[in-house]
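The values are calculated or read from the model by the stated rules, or taken from the named source; none is laboratory data. Nothing here was measured: the structure is a model prediction, and the numbers come from that model. For neighbour counting, all protein chains shown are included, and Cβ atoms are generated from backbone atoms with ideal geometry for every residue, glycine included.
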Amino acid sequence: MIKIKDITKLLVCASVVSMGLGNHALDASASESSYLNKIVKMEPLTKKEELMSQVKELAKKEKKSNEFILKSMYLELKKDEVKAQQENKKMKGMGGNSVGIKLGSSKKGNFYYTASETAYMNHGHVGLFMTNDKIVESVPKKGVRIISASKRKVDEGKAVIKSISTSKKKRDAAIKWAVSRVNKDDYSYNFASNRHSSHTGDKNCSKLIWSAYKLKAKIDLDVDRGMGVYPRDVRDAKNTKVVKKL
């Protein structure tokens, strides 16, 4: 027969465990909010609700906690921030600020990278040569568009044109897909989780090129394959080669 004393002990133990689990849940929730706020502070035009919705989907898919996903996003943002600082430090070592110069023409299928600030963050910018003298890219307020390479300006000393190693057939298919998004897809300020967002719909510059080559050439132009694809991830991808430094 179970004694009253034993029942009391069990209730006390259960209460202690419950309190411990409750504190853990509160700590996890506080940590989630902390990482979420840090991400939004670094990417102020990213919508909290939209980001958290993606975080929850990712956490479920990857069988990870919301906190793990948010922390991964934040650490990748910080890593990209360090790359931006190194970029700026290199320019200072060369003797001053960068000057806007014309991009100029290049081979169809090549892409360019330039330093660029988006939503107060220097994430950089990438665009794809759809022909020798025309660029397809995604930019704020306009979304996916086509622009003449002679009208596109880049930061001197912080820009580069690179080629992508693949067949002509796959390259043409990737370009065709990117061009098909013109006047259809608006711009997205969310870099933190864009690797996991839909290939169609709102997208930033790096997402456009990454999706095009991922879908049509089976090439992953994300150097670290983290939660987000940043312009410098595309710039530093293994399947790319420097054609010209600007």
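Of the residues making up region 166-211, those that are more than 30 Å from Lys38 (Cα to Cα) and outside any loop (DSSP other than H, G, I, E, B) number 13. Residue count for region 222-246 under the criterion of being touching a helix residue (DSSP H, G or I) at 6+ places or on another chain (Cβ under 9 Å), of a type in the set (Val, Ile, Thr) and touching a residue at least 40 places away in the same chain (Cβ under 8 Å): the result is 2. Within region 149-171, if we keep just the residues that are surrounded by fewer than 16 Cβ atoms within 10 Å (Cβ to Cβ) and at pLDDT 95 or above, the residue that is nearest to Glu117 (Cα to Cα) turns out to be Ser165. The listed residues are Ile135, Ile147, Ile161, and the only one of them that is touching a strand residue (DSSP E or B) at 6+ places or on another chain (Cβ under 9 Å) and more than 26 Å from Lys184 (Cβ to Cβ) turns out to be Ile161.
Scanning region 116-146 for residues that are without any contact (Cβ under 8 Å) to a residue 24 or more places away in the chain and either in a loop (DSSP other than H, G, I, E, B) or in contact with an Asp or Glu (Cβ under 7 Å, 6 or more places away or on another chain) (or both) turns up just one, Thr131.
Each row is one residue, and each column tells you yes or no for (1) assigned to a loop (DSSP other than H, G, I, E, B); (2) more than 17 Å from the chain's Cα centre (by Cα); (3) β-branched (Val, Ile, Thr); (4) modelled with pLDDT under 55.
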{"site": "Thr8", "(1), (2), (3), (4)": "no, yes, yes, yes"}
{"site": "Cys13", "(1), (2), (3), (4)": "no, yes, no, yes"}
{"site": "Met19", "(1), (2), (3), (4)": "no, yes, no, yes"}
{"site": "Gly22", "(1), (2), (3), (4)": "no, yes, no, yes"}
{"site": "Ser33", "(1), (2), (3), (4)": "no, yes, no, no"}
{"site": "Ile39", "(1), (2), (3), (4)": "no, no, yes, no"}
{"site": "Glu50", "(1), (2), (3), (4)": "no, no, no, no"}
{"site": "Val82", "(1), (2), (3), (4)": "no, no, yes, no"}
